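Okay, structure first, notes after.
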2 protein chains.
Amino acid sequence: MVTIREIAKLAGVSPTTVSRVLNNSRAVQPEICERVLQVAAQMGYTPNAAARALVKKGTNAIGVVVNNLHDPFFHDLLLGFEYGALKSDYHVVFCSALGKSMEEKRKYVRYLSNGVVDGVILYSVYLFDEEFIRGLYSTGFPILLIENTVQAVQTHSIAIDNRQGVFNAMKYLYQHGHRQISYIAGKQDKAVCVDRLLGYRRAVEELGLAARSDYVRYIEEGSEDGWRVMDAFLSMPPDIRPTAVLCYDDVVASYAIRCAIKRGVRVPDDISVMGFDNQTIAPSEYTGPPITSVAQPLYEIGYDSIVLLSDYLRGDRRERISRTYPTSIAVKETVAFCGKEGFDKERGGVPSAVWVGSDSRE
Amino acid sequence: MVTIREIAKLAGVSPTTVSRVLNNSRAVQPEICERVLQVAAQMGYTPNAAARALVKKGTNAIGVVVNNLHDPFFHDLLLGFEYGALKSDYHVVFCSALGKSMEEKRKYVRYLSNGVVDGVILYSVYLFDEEFIRGLYSTGFPILLIENTVQAVQTHSIAIDNRQGVFNAMKYLYQHGHRQISYIAGKQDKAVCVDRLLGYRRAVEELGLAARSDYVRYIEEGSEDGWRVMDAFLSMPPDIRPTAVLCYDDVVASYAIRCAIKRGVRVPDDISVMGFDNQTIAPSEYTGPPITSVAQPLYEIGYDSIVLLSDYLRGDRRERISRTYPTSIAVKETVAFCGKEGFDKERGGVPSAVWVGSDSRE
DNA sequence: CTGTTAGCGCTTTCAG
DNA sequence: CTGAAAGCGCTAACAG
């Protein structure tokens, strides 16, 4: 490993001077400057990040911690992070914990927050993570929570209004004539899921929809469970059977649709299904019709979180980051459904009874 | 920030002792031990990674650098990395550079290799990266190249036999009666693409297939170009028009198929198309028939690369990591093609004229 | 403009 | 079994 001392020796100057040249931190005689640079390049010098971090108390890096980085859900968010990283002068590193694993996630946050990065962007925060967050927050380490907020702490935060998003979806369904709308709720261990359910309840009330306790059912474990829940809805007597099912996310919606189709119930002809997230990449092997969904600006969220946090850490921005982004309804047309219109030549001749990507930025 | 000195003071011992307790590095009186542990916990102490890295000359972390982490291609590989990380006692961090950006990628490798991680796993290596790799290799920093090897350096390496993979695909097509097989080659700026093309050429020769220079065409920029290339193939006179087209990867294959279908040419009835990679998640908005492809064990590659590199860095393994994994042909059945058999009830009632995932491990 | 000195937080000899 | 001292590679005062 090449150190500035060795460079200093070879260039016939002091380590300090080398440091100054390498960092442009103070004026140095042009000729010395050049000599140092030359020696450094020749020896293949690269600064030791650990040493620098230790003395500067800063690493010029940002960490992003999520669960299940492999999940296609992250496509747009990742794209945002990547472009943000390109824009920013900070290094960006990603860490991933599998499943809901909180221990693993915490391990990474702890690791990162102690001399590896200057700030952490956190996705996938469960309610049982909150205490941990509060503890971390109390140390003064910069945290930016994405898509989530934690009660009683003022971390940086970029979120969407989940309640409003669900409310809007309900209103959309209402405007399309639905009065019997059921809801597949996520496990109430994430603030997001709690909020979305609240949005449903508020909508039922404010819009004067059929309010039945059995219109709300919960996913037990894993999105595949959407199938079971949908099955229950479809088994209700015709007169009370919901005409539309809103799902707390697209993956669950995809399973709900799979179930419906399997039972010979046509979507959206016989029953409407809506999702949330407007995921660009189709969930696991889904091949049903495209799913109308509540879209959130994942790309912007990713991009902005890197850029804004960089600004904050650099000192170019002093106020807390706190934003709520709007959602919108992404309507999908059911095109070329097999057996109905047949092939849709315009779309390539195959039935596009499949997820339709939204706006991947490539 | 809590330091061992503060803990030492509060516990009434020396920093050295605190360090020893925290690291279990030497026997310490049980009562002191407990006291220290208690104080540390109470103060919310976490060791400073930078300081430790500086003195230990090791970080207990591994970096993974790729281009375009958002690419669905990475799904299985990421899953492997994640499970490997779970198994390993090393921290694993991911860095991503957009596009083919080599500067960005190098920036990350340089950054990581200097006191941030103890070893780097590198994916997406272009030929023009080779010199950089050689330079890095010469510093003695541990590098594990995935899916690629660099001439003249003995870095760690986990790869597949691309040549053989393509050869096998050709043989497969041959066995299905094809004699006029054309090839859509990738830009020859990656060793992978070069190797795959070599496999094609060898197969043409050894199997005695129609050898025409216009049976090989190259992607210019971006996989969408597969469309243009396919168009050219389909425009050839009937007698010499290829009966099968092998593509250097699945994404290109998907565009080739889109083109065929658009032109009213049925796949695979009128022309066969094969891909490479057997990507689990469908490429951008593809809704055509599933693509028979050369499968590589991406999950294993990801998993093994983390585990093996950990072993090496820990010292549990001294020999260089050097593996070549076998590929296989993943045959996809064209099921329930719309307008032919109609709905395939077994598969959920919708035409599954779409990518069929392989073996996502969830 | 340049060099000397001190020290970031931690671990590791080496004495006691 | 415990502590004092030294130093990892670098930068930030402070002198010169």
* Would you mind finding the one in A:Gly63, A:Gly44, A:Gly80 that is touching a residue at least 12 places away in the same chain (Cβ under 8 Å) and on the phi > 0 side of the Ramachandran plot? => A:Gly44
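For every residue, the table says whether it meets (1) at pLDDT 75 or above; (2) acidic (Asp, Glu); (3) not assigned by TED's automatic domain parsing to the domain that holds B:Phe141.
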{"site": "B:Val267", "(1), (2), (3)": "yes, no, yes"}
{"site": "B:Asp270", "(1), (2), (3)": "yes, yes, yes"}
{"site": "B:Met274", "(1), (2), (3)": "yes, no, yes"}
{"site": "B:Thr280", "(1), (2), (3)": "yes, no, yes"}
{"site": "B:Asp304", "(1), (2), (3)": "yes, yes, no"}
{"site": "B:Ser310", "(1), (2), (3)": "yes, no, no"}
{"site": "B:Leu313", "(1), (2), (3)": "yes, no, no"}
{"site": "B:Glu341", "(1), (2), (3)": "no, yes, yes"}
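Here is a yes/no grid of residues against (1) in a helix (DSSP H, G or I); (2) of a type in the set (Asp, Glu); (3) over 24 Å from B:Asp311 (Cα atoms):
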position	(1), (2), (3)
B:Arg110	yes, no, no
B:Arg134	yes, no, no
B:Gly140	no, no, no
B:Asn148	no, no, no
B:Gln154	no, no, no
B:Ser157	no, no, no
B:Asn168	yes, no, yes
B:Leu173	yes, no, yes
B:His178	no, no, yes
* Taking only region A:189-215 into account, find how many residues are surrounded by fewer than 17 Cβ atoms within 10 Å (Cβ to Cβ), without any contact (Cβ under 8 Å) to a residue 60 or more places away in the chain and outside any helix (DSSP H, G or I). => 4
* To do: Give me the pairs, please: first residue somewhere in region B:4-28 and of a type in the set (Ser, Thr, Tyr), second residue anywhere and not in a helix (DSSP H, G or I), beta-carbon distance under 7 Å, and either six or more positions apart or on two chains.
  => B:Thr17/B:Val28
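Could you check region B:114-128 and list, in sequence order, the residues that are in a loop (DSSP other than H, G, I, E, B) and more than 7 Å from every other protein chain (Cβ to nearest Cβ)?
So the first thing to find is which residues in region B:114-128 are in a loop (DSSP other than H, G, I, E, B), and the list is B:114-118, B:123-125.
Hits for region B:114-128 are B:Val117, B:Asp118, B:Tyr123, B:Ser124, B:Val125.
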* Within the bounds of region A:22-31, is there any residue that is more than 8 Å from DNA strand C (Cβ to nearest atom) and either touching a Pro at 6+ places or on another chain (Cβ under 9 Å) or in the same structural domain as A:Arg106 (by TED's automatic domain parsing) (or both)? -> yes
* Does B:Phe73 satisfy being within 30 Å of B:Gln151 (Cβ to Cβ) and at pLDDT below 95? -> yes
* Asked: Just one of the numbered conditions (1) among the aliphatic types (A, V, I, L, M); (2) assigned to a loop (DSSP other than H, G, I, E, B); (3) within 14 Å of chain A (Cβ to nearest Cβ); (4) surrounded by fewer than 24 Cβ atoms within 10 Å (Cβ to Cβ) is not true of B:Ile261; which one?
  -> (2)
* **Residue tally, condition within 9 Å of DNA strand D (Cβ to nearest atom) and assigned to a helix (DSSP H, G or I), over region B:12-47** => 11
* Residues that are closer than 19 Å to A:Ser305 by Cβ, touching a strand residue (DSSP E or B) at 6+ places or on another chain (Cβ under 8 Å) and in a helix (DSSP H, G or I), drawn from region A:78-108 -> A:Leu78, A:Phe81, A:Glu82, A:Gly84, A:Ala85, A:Lys105, A:Tyr108
* Asked: Would you pick out the residues in region A:32-55 that are near DNA strand C (Cβ under 10 Å from one of its atoms) and within 14 Å of chain B (Cβ to nearest Cβ)?
  -> A:Ala50, A:Ala51, A:Arg52, A:Ala53, A:Leu54, A:Val55
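Whether any residue in region B:50-63 is closer than 16 Å to B:Glu147 by Cβ and at pLDDT 90 or above is what I want to check. Walk me through it before giving the result.
The first filter runs over region B:50-63 and keeps only residues closer than 16 Å to B:Glu147 by Cβ, leaving none.
Checking region B:50-63: not a single residue is closer than 16 Å to B:Glu147 by Cβ and at pLDDT 90 or above.
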* Asked: When you look at B:Ala8, is it within 10 Å of chain A (Cβ to nearest Cβ), assigned to a helix (DSSP H, G or I) and not hydroxyl-bearing (Ser, Thr, Tyr), yes or no?
  -> no
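The values are calculated or read from the model by the stated rules, or taken from the named source; none is laboratory data. None of the values given here were measured: they were computed from a predicted structure. Note that we place each Cβ from the backbone using ideal geometry, even for glycine, and neighbour counts take in every protein chain shown.
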